[in-house]
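These notes are about the structure you will find just below.
Derivation of every value follows stated rules applied to the coordinates shown; laboratory data play no part. Nothing here was measured: the structure is a model prediction, and the numbers come from that model. Glycine gets a Cβ as well: all are built from the backbone with ideal geometry, and neighbour counts include every protein chain shown.
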Amino acid sequence: MTPPRKAPRSPAHKPASPDRRKKRPAHAAPGMKPGADPKLKPIFARIGVPEARPFVPDPFQKKAIEAVGQGDCLVTAATGSGKTYIAEQAIEKLFLEGKRAWYASPLKALTNAIHTAFSRKFGPENVGILTGDRKENPDAPLIIGTTEILRNQLYDAMHTGEDIRCDLVILDEAHYLGDPERGVVWEETIIYMPSRVPLLLLSATIGNAEEIAAWLESMRGQTCTLIRANRRPVPLHPLFFHPSGTLFPFLAEYDETRHAGKKGLHKKILQYLSTDRPPLLAPPRRLPNMADIMAVLRHYNLLPAIFFLKSRSDCDAAITLCDEAGLLSDPERACALRTRMDELTRFWPHAARHPQRMYIEKRAVAAHHSGHLPAWKMVVETLMSEGLLDAVFATSTVAAGVNFPARTVLIANSDRFNGSEFTPLSATEFHQMTGRAGRRGKDRIGFAVALPGKFMDLRHFGRLITAPPSEVESQIRIDFSMALNLLLSHTPDMIRAIMERSFAAFRIAHRLTGKNSQKASKGAAELLFADFLRHLAFLKEKAFVDSQDRLTEDGMWAAQLRIDQPILVAEGFRRRLFPENDPAILAALMACFVNEREADDQDIPEDQIPEKLLKAFLHLRKQLAPFAKEMIAQGFPVFPLYLTPAVTVYHWTSGRSWENIHKNSPLAEGDLVRLLLRTAENLRHVGNLGQFFPKAARCAMAATDQILREPVTDAYTL
């Protein structure tokens with residue numbers, strides 16, 4: 001096993017374009033003064049609230065509602081165009097027929113929000129939630145849950161031979177099919193879903209929707225209706241924020257109805273790019289004066305706004321650079337904001353005492369990123385959606401799955417961190433961010449503003465405005481959890497047939513032959529099946545599978561460990577390396593198997609490391625090292641075990657206060673919550689092993705109960 005190491009510091013941006021590599025010195029702009037190109041006058045004149053009128057579904061919504069139940073349906077539409085309405089109507093129709101539905105979402109935060117909204121609409125008695133962290137009302141006719149939970153239910157149904165209990169599955173944010181981390185779960189879910197259960201896939205605009213629909217038809221043997229709605233519900237106008245404070249159109253000519261620029265970049269941007277020493281909003285490695293930028297936006301009635309910044313620290317620092325001008329001129333809103341803050345935080349002491357609360361109440365601005373507590377993020381989202389904030393400073397991750405649009409979005413960098421490096425924004429990521437610009441029913445027009453700076457490639461920004469949506473690529477891959485769970489109910493030949501049904505095989509065959517060729521699909525699936533056979537051989541070698549390709553007893557219970565490193569954990573249980581009567585130590589050791597980059601080892605004060613924990617950790621790592629080395633030698637990934645997350649989880653499970661845990665942990669509060677929730681998920685899977693390890697299973701469930709307390713569970717109470 002790899003020994004603990006210090007986590008790398010926050011990575012620096014890497015050059016993404018020739019523009020970034022220029023060595024010419026730049027100078028900060030002089031005092032900023034609001035100004036606007038004359039061509040923007042008629043555009044700004046359109047700013048305002050549209051006339052109230054009775055809701056009338058758009059044609060694409062009507063078509064989708066008609067298509068649901070007649071087969072599968074894929075809806076690809078711009079962010080904020082009203083895809084959730086389609087799901088609501090489909091669910092309502094099912095309820096009238098006495099049927100059941102499953103609504104799958106990629107993010108726990110989004111799942112919690114959908115559960116809250118649908119409980120209000122359909123009644124809490126009719127809505128359940130399953131996320132791993134939460135299991136409430138599981139027999140309700142409508143289940144809201146994460147896609148992983150739905151996939152696991154399909155594994156169980158295939159094993160027992162029982163049919164899944166639902167009559168419609170709604171896959172929200174279906175473009176996650178192409179997500180490098182999570183896409184495999186989406187593809188498995190679609191492949192395993194019985195064809196009798198219609199699918200309703202709701203997605204942002206994607207470039208190969210026809211191909212996905214064709215795959216669904218070929219694989220599931222029924223019609224898949226494709227519904228496209230590329231037109232934005234609120235027209236978008238892109239702008240350039242010159243460091244002088246003057247706003248310019250970004251493109252020389254922009255037709256928002258066709259979403260196309262006809263003559264390239266506006267001449268002022270070309271001049272800016274060709275200037276030897278262009279003015280900057282701020283010196284390198286410093287944020288601009290946000291109060292000045294806000295003053296320009298306020299002058300032209302472009303608030304509320306979402307600023308997309310490159311890092312969490314930038315978001316937290318940005319709110320300190322704003323002023324109180326917005327609330328000073330609107331004392332009524334200031335009073336309403338303070339009252340609403342009291343209402344939202346009265347049940348959450350940690351949110352009520354949040355150090356950034358003063359910036360909300362005095363400046364009407366907030367930071368929003370994954371480093372904050374879930375409950376605090378929900379407070380910010382609620383205030384923004386209710387129109388009480390002037391601005392939110394967020395990382396690009398907020399663009400996916402969070403619904404608090406603004407009149408204007410401002411983008412400060414043309415790339416994003418993907419977990420290992422900075423890469424240029426894709427068209428899909430850009431359109432998700434700009435999709436937050438313009439509130440349906442509240443705005444006639446929305447704005448996307450480029451902020452020039454070291455990490456903004458203006459030419460790339462211009463290309464993204466008119467770029468077609470990105471294509472979704474298959475992300476299916478074999479891992480030990482998939483292999484074990486398929487072997488519960490399938491022979492290798494049957495698994496080969498499943499590989500032939502994959503989107504990966506379909507894409508390769510379709511691209512090679514220009515048509516849906518069964519022969520080509522079989523050939524394309526051989527690579528996947530060969531990888532399965534590689535996993536199968538190792539499982540046989542380690543006695544999880546017998547010579548007849550059937551799971552041994554160890555393989556049967558190991559299949560229940562649907563976690564990041566199932567057979568490494570299984571080997572630990574076979575060797576009796578996990579405690580059976582110490583919930584805090586068990587939780588700490590299971591935290592080592594949470595694959596989170598924030599969980600790397602960092603400096604830990606010696607007085608914070610209990611001797612019994614260190615002894616258990618070192619023993620576990622030493623005993624698993626030979627098994628891990630064999631895995632690595634055969635090309636299987638093994639994540640190192642770190643002590644830092646174990647120490648943090650041990651102290652929390654032992655009952656220490658949140659303030660103490662946060663003070664002594666190198667992790668941000670949001671990362672702490674994520675580590676604890678992921679650990680609780682791992683422990684739940686251990687809790688499923690009661691037939692084989694009854695004491696450890698009881699210990700795991702006790703540890704789970706000790707982990708799930710405030711503020712980890714605060715977000716559930718909204």
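Cross-link partners of residue 268 among lysines, defined as those whose alpha carbon lies under 26 angstrom from its own and excluding same-chain residues fewer than eight positions apart: 22, 23, 33, 39, 41, 310, 454. Summarising the amide proton neighbourhood of residue 415: residues at separation of 5 or more, or on other chains, whose placed amide H is nearer than 5 Å comprise 425.
Of the beta bridges in the range 59-229, as assigned by DSSP with both residues counted there, near 5 percent are antiparallel. Considering the dipole of the chain built from charges on the beta carbon (Lys and Arg +1, Asp and Glu -1) around the Cα centre, which of 40, 563, 498 is farthest to its positive end? Positive-most Cα among the choices belongs to 40.
Near residue 207, the amide H atoms lying under 5 Å from its own belong to 470, 471, 472; only residues 5 or more places off or on other chains count, and H is placed 1.01 Å from N.
With each pseudo-label sitting 7 Å past Cα toward Cβ, what's the residue 58-residue 45 distance in nm, one decimal? Output for this residue pair reads 2.7 nm.
What ranking do 606, 187, 88 get, fewest neighbouring Cβ atoms within 10 angstrom at the top?
Ranked by crowding around the Cβ, least crowded first: 606, 88, 187.
In this Cβ point-charge picture (+1 for Lys and Arg, -1 for Asp and Glu), the range 59-229 has a dipole of about 460 debye about its Cα centre. Here the chain is treated with +1 on each Lys and Arg Cβ and -1 on each Asp and Glu Cβ, and its dipole about the Cα centre works out to around 2180 debye.
For the chain, the 222 nm mean residue ellipticity estimated from helices alone, with every DSSP H stretch of n ≥ 4 adding -39500 (n - 2.57) and the total spread over all residues, rounds to -13000 deg cm²/dmol. Each of 270, 226 has some number of other Cβ atoms within 10 Å of its Cβ, and from fewest to most they run 270, 226. Sequence-distant contacts, meaning Cα pairs under 8 Å at least 6 residues apart, place the relative contact order of the range 596-698 at 28 percent.
Karplus-based coupling profile of the range 305-314, in residue order and whole Hz: 9, 10, 9, 9, 10, 7, 8, 4, 5, 5, with θ = phi - 60° in 6.51 cos²θ - 1.76 cosθ + 1.60 and x standing for Gly or Pro. Shape of the range 322-458 from its Cα gyration tensor (a ≥ b ≥ c, root eigenvalues): rounded if a/c is under 1.5, otherwise prolate when a/b > b/c, or oblate? Here the range 322-458 falls in the prolate category. Its convex hull of Cα atoms gives the range 84-202 a direction-averaged projected area, equal to a quarter of the hull surface, of 6.9 nm².
3J(HN,Hα) couplings calculated from phi for the range 277-285 with the Karplus curve 6.51 cos²θ - 1.76 cosθ + 1.60 (θ = phi - 60°) are, in sequence order, 10, x, x, 10, 5, 7, x, x, 6 Hz; Gly and Pro show x. Amide hydrogen proximity for residue 280: with H placed 1.01 Å from N in the peptide plane, the residues at 5 or more positions away or on another chain lying under 5 Å are 27, 28, 29. Measuring against 19 Å, Cα to Cα, the residue pairs 93/121; 542/612; 108/135 contain 542/612 as the ones spanning a longer distance. Based on C-alpha pairs under 8 angstrom that are at least 6 apart in sequence, the chain has a relative contact order of 16 percent. The order of 105, 385, 470, 665, going from fewest to most other C-beta atoms within 10 Å of their C-beta, is 385, 470, 665, 105. Simple spin-label estimate for residue 625 and residue 527 gives 3.7 nm between the two label positions (7 Å along the Cα-to-Cβ direction from each Cα).
Taking a straight Cα-Cα cut-off under 15 Å and skipping sequence neighbours fewer than 8 places away in the same chain, the aspartates and glutamates within cross-link reach of residue 522 are 493, 500, 531.
For the range 656-718, the list of trypsin sites (Lys or Arg not before Pro) that fall in a loop by DSSP and count at most 16 other C-beta atoms within 10 angstrom reads 656, 709.
Of the trypsin sites (Lys or Arg not before Pro) found in the range 165-206, the ones in coil according to DSSP and having at most 11 other Cβ atoms within 10 Å of their Cβ are 196. Computed over the range 59-229, relative contact order equals 34 percent, with contacts defined as Cα pairs under 8 Å that lie 6+ residues apart. The antiparallel fraction among DSSP beta bridges confined to the chain stands at about 20%.
Please work out whether the chain counts as rounded, prolate or oblate from its C-alpha gyration tensor, where a ≥ b ≥ c are the square roots of the eigenvalues and a/c under 1.5 means rounded, while otherwise a/b larger than b/c means prolate and anything else oblate? Because a/c hits 1.5 or more and a/b exceeds b/c, the chain counts as prolate.
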